[in-house]
Every structure is written in structure tokens, then in C-alpha cells.
Amino acid sequence: MPISTSDPAHDQTALRKALMARAREAGFDDIGFARADARPDLPEKLGRWLALGRHGSMDWMEETAARRADPQTLWPEARSVIMLALTYGPESDPLDLIDRRERGAVSVYARNRDYHDLVKKRLKQVARWLAETQKTEVKVFVDTAPVMEKPFAQAAGLGWQGKHTNLVSRKLGSWFFLGAIFTTLDIAPDAPHDDHCGACHRCLDACPTKAFPAPYELDARRCISYLTIEEKGHIPREFRKAMGNRIYGCDDCLAVCPWNKFAQAARESAFHAREELEAPLLAELVRLDDAGFRAFFSGSPVKRTGRDRFVRNVLIAIGNSHEPALAEEAWKLIDDASPLVRAMAIWALGELGEGEALRARADAALHVEEDEAVREEWRSIR
């Protein structure tokens, strides 16, 4: 039933309260409201970031820049943006795994089901109620659409973009997903959230690859999350040792944030880590063929990388493990069909002290090798 009284201010208060109640029923942990034109600064900021090339090979960022920076370019009828947060907080410190070099570190958000489907399902519940009761048009977005969720979440009062560029909440810390509902309805906006980072720079200091050129700026090309997930080619040599055992994503800058003392463990069971992904053995992961990879990561966001990129990442972790026993696994992949895998098998073996054995095979391998990056790996151990 539509919310309607003779008092517009009362209508807005009642609508906001009803939406908050619906959001809680759907499982969300926080909600905020912003105008669709709340961030006129975004086109310039995004344009500068793209001009500096900090998006790396993510061409889709540039292709969708106009729609990404302005909700009303994406959907001209949009008047309000409803931002919702759903926590996925870990039950233990993810940094505890970094020193367990025989095991791989998977980013907390990816240790179970794909959040896109789970968050969108809940967004649709709230959006459906809004559309039906207020006779308004709605669209829902979760990460994959050209929407800048974090700036609009700040405009909607959910938190602020910290020096690591991720959203920080005084109520939830940093461990939460964002979803957006665009609507043609005018909803009274919340006040934008103030920045509370202060003089703290723990997140900047914690980054293994120094991906922050300055506070509040990210160079994705240096970010381990980008390198392990978005980078389709060979990972530059300069970043490999710094990656350690991080095989899918990186949580370091989030994990050290002091505001995470307010973070909540995920209530949604689908966000609780699968036992086999809490601290997976590198020796087991590196053996995955394509079918095994698809089966193991069915329903997981990790699946989007594909087997070759994932095993590439695992081999880098093996090279960084200082575990000579893992060399046997790398040797099995020296002739893998994927050049990404072959190159990192060579690099890992070199790091594990197998240089002499590699040199004995180098001339024959170079004679047949077609991929220039793999050839360079062979040359590097000569």
C-alpha cells in the first residue's frame, strides 16, 4: 500500500522508515539515501584516474566512463540512489595466513558463494516492495554494472572512502558488500559522511606492492587484487615476491584498518568460509586441471579467473614458499598447455633452487617455445 498523507515531510519520514525496515528484513546491515546528482565531481575524478592509466587492462572502465560517473547518464530518469550494505566480516584475522607459506590466501569475500547473486537477490526484495507500493520504477546494481558504489555510499552517509579508497563505516568497519537501487522516486537524502581517517596511514604502509601513489589514490596496476584477478597476461616480475601466498585478491589494507574493531562477523552462512578455502594447501590447488578447477570453485567468484590464471597465481605462491618439496609440483607443469602456467612453473622452480636442473633443459625448451614471455623466463635462469 502506498505511503501517503497530506504532509510531504511525514511521507518522507514514513517512507525512509519503511525502507529501513524492509532492508533489515532482507538481511542488510545498513541503508542510506542520496540524490542521483549528488556527486558532480565524479566525471573529473574518474577521468583523471583513467588518463593516468591506473585502470591497467580494465578497458571496460574507460568504455563505460560516462555512465559510470553519472547515474543519470546510465539512467536519465533516476532521481534517488538507495545504497545498502551487507557485512561479510571474517571470524579471524586474514593476515594470520600470510606466514603459512605452504598454503594459499584467498581474499575473505571469495571464500564461499559469489556475493553478486546473494546481494542482488536481497536488493530485488527491497526494490520490488518499493516499486509495488510507491508505483515507481527501479533498477538494482551489484558491482558488475557501471556504477560507482563507494562514492555514492559516502554521499548516502554509509561511510567514507578511506585512504585505501575502500569504504569505511563507523558501524561496520570495512568488511561489507555494497548494492544500489536506483529509483525515479525523490527520497530525502542523508548527509554525506565525513572522513575519519585522520593521521592514520596503516593501510598505505601495509600494501605489499605499494599500490597507493598517495592517500586516497590507487594504482590498480600494482594492486595484488588486480594482478591476481584482472590481469589476464603474465604478472610482472617486480610484483611476484611481494605477492607472497596471496592467490586470489588481497585483504591487507582492509585488515589493518583500526575501524574494523567495529566490524561484525557475517551473519549470512553463505559468506562463512568453506573449510577447504580457509587455508588451502598449494600442493593441492596447483594440481587442478580445467574440469577440477570448475568443480572445486563452482558457485565461487574465483571461478571467473579460469584455471590457467589461477594456477599461475598458485605457482607464484609456490615460488615464494621456500618449500623445496613443492618443486615436484612445479616440475609437472613445465610443459603445461598454457604459457601463463609454463612461465610461472619456470619462475617458481628457479626460486626454489632448481636453477641447475632448469638450465639443463633450457636450450631444448627455447628451441620449441613460442611464447616470448616464457622464453624470457627460460633465459632468465641461464
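The values are calculated or read from the model by the stated rules, or taken from the named source; none is laboratory data. None of the values given here were measured: they were computed from a predicted structure. Here Cβ is always computed from backbone atoms with ideal geometry, including for glycine, and neighbour counts include all displayed protein chains.
Brief remarks follow.
- Check on LEU277, aliphatic (A, V, I, L, M), over 30 Å from THR87 (Cβ atoms) and either within 27 Å of the chain's Cα centre (by Cα) or not in a helix (DSSP H, G or I) (or both): no
Conditions tested, residue by residue: (1) among the charged types (D, E, K, R); (2) under 15 Å from the mean Cα position of the chain (by Cα).
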{"site": "SER107", "(1), (2)": "no, yes"}
{"site": "ALA110", "(1), (2)": "no, yes"}
{"site": "HIS116", "(1), (2)": "no, yes"}
{"site": "LEU123", "(1), (2)": "no, no"}
{"site": "ALA131", "(1), (2)": "no, no"}
{"site": "GLU137", "(1), (2)": "yes, no"}
{"site": "PHE141", "(1), (2)": "no, no"}
{"site": "LYS150", "(1), (2)": "yes, yes"}
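- Options ARG287, ARG274; residue that is among the basic types (Lys, Arg) and touching a residue at least 60 places away in the same chain (Cβ under 8 Å): ARG274
- So LEU277, is it at pLDDT below 95, under 26 Å from HIS322 (Cα atoms) and of a type in the set (A, V, I, L, M, F, W, C): yes
- If you go through the range 308-326 and keep only what is over 12 Å from GLY233 (Cα atoms) and surrounded by 20 or more Cβ atoms within 10 Å (Cβ to Cβ), you end up with VAL311, VAL314, LEU315, ILE316, ALA317, ILE318, GLY319, ASN320, SER321, LEU326.
- Filter pass, SER92 being hydroxyl-bearing (Ser, Thr, Tyr) and at pLDDT 95 or above: no
- Residue within the range 98-110 that is closer than 30 Å to SER321 by Cα, of a type in the set (A, V, I, L, M) and part of a loop (DSSP other than H, G, I, E, B) present: yes
- Within the span defined as the range 319-328, one or more residues are touching a Leu at 6+ places or on another chain (Cβ under 6 Å), at pLDDT 95 or above and farther than 24 Å from VAL119 by Cα.
- Given (1) at pLDDT 95 or above; (2) in the same structural domain as ARG54 (by TED's automatic domain parsing); (3) assigned to a loop (DSSP other than H, G, I, E, B), number of the condition LEU288 does not satisfy: (2)
- From the list VAL368, VAL302, VAL341, the lone residue that is in contact with a strand residue (DSSP E or B) (Cβ under 6 Å, 6 or more places away or on another chain) and either among the basic types (Lys, Arg) or more than 13 Å from LEU282 (Cβ to Cβ) (or both) is VAL302.
- From the options ILE247, ILE229, ILE235, residue that is surrounded by 20 or more Cβ atoms within 10 Å (Cβ to Cβ), among the aliphatic types (A, V, I, L, M) and farther than 20 Å from ILE334 by Cα: ILE229
- One residue from ALA211, ALA199 being surrounded by fewer than 18 Cβ atoms within 10 Å (Cβ to Cβ) and more than 18 Å from ILE98 (Cα to Cα): ALA199
- Residues of the range 36-71 classified as surrounded by fewer than 19 Cβ atoms within 10 Å (Cβ to Cβ), in contact with an Asp or Glu (Cβ under 9 Å, 6 or more places away or on another chain) and within 20 Å of ALA191 (Cα to Cα), total: 3
- In the range 62-89, residue modelled with the lowest pLDDT [restricted to those that are assigned to a helix (DSSP H, G or I) and in contact with a helix residue (DSSP H, G or I) (Cβ under 7 Å, 6 or more places away or on another chain)]: ALA69
- Which listed residue, of LEU172, LEU185, LEU130, is closer than 23 Å to PRO94 by Cβ and hydrophobic (A, V, I, L, M, F, W, C): LEU172
- Note on the range 305-377: enclosed helices (runs of 4 or more DSSP H) holding 3 or more residues that are among the basic types (Lys, Arg) and under 26 Å from the mean Cα position of the chain (by Cα) are 306-319.
- Residue match in the range 294-304 (condition: at pLDDT 95 or above, within 14 Å of MET344 (Cα to Cα), surrounded by fewer than 23 Cβ atoms within 10 Å (Cβ to Cβ) and of a type outside the set (Val, Ile, Thr)): no
- Filter pass, SER92 being hydroxyl-bearing (Ser, Thr, Tyr), in a loop (DSSP other than H, G, I, E, B), under 28 Å from PRO215 (Cβ atoms) and under 20 Å from the mean Cα position of the chain (by Cα): no
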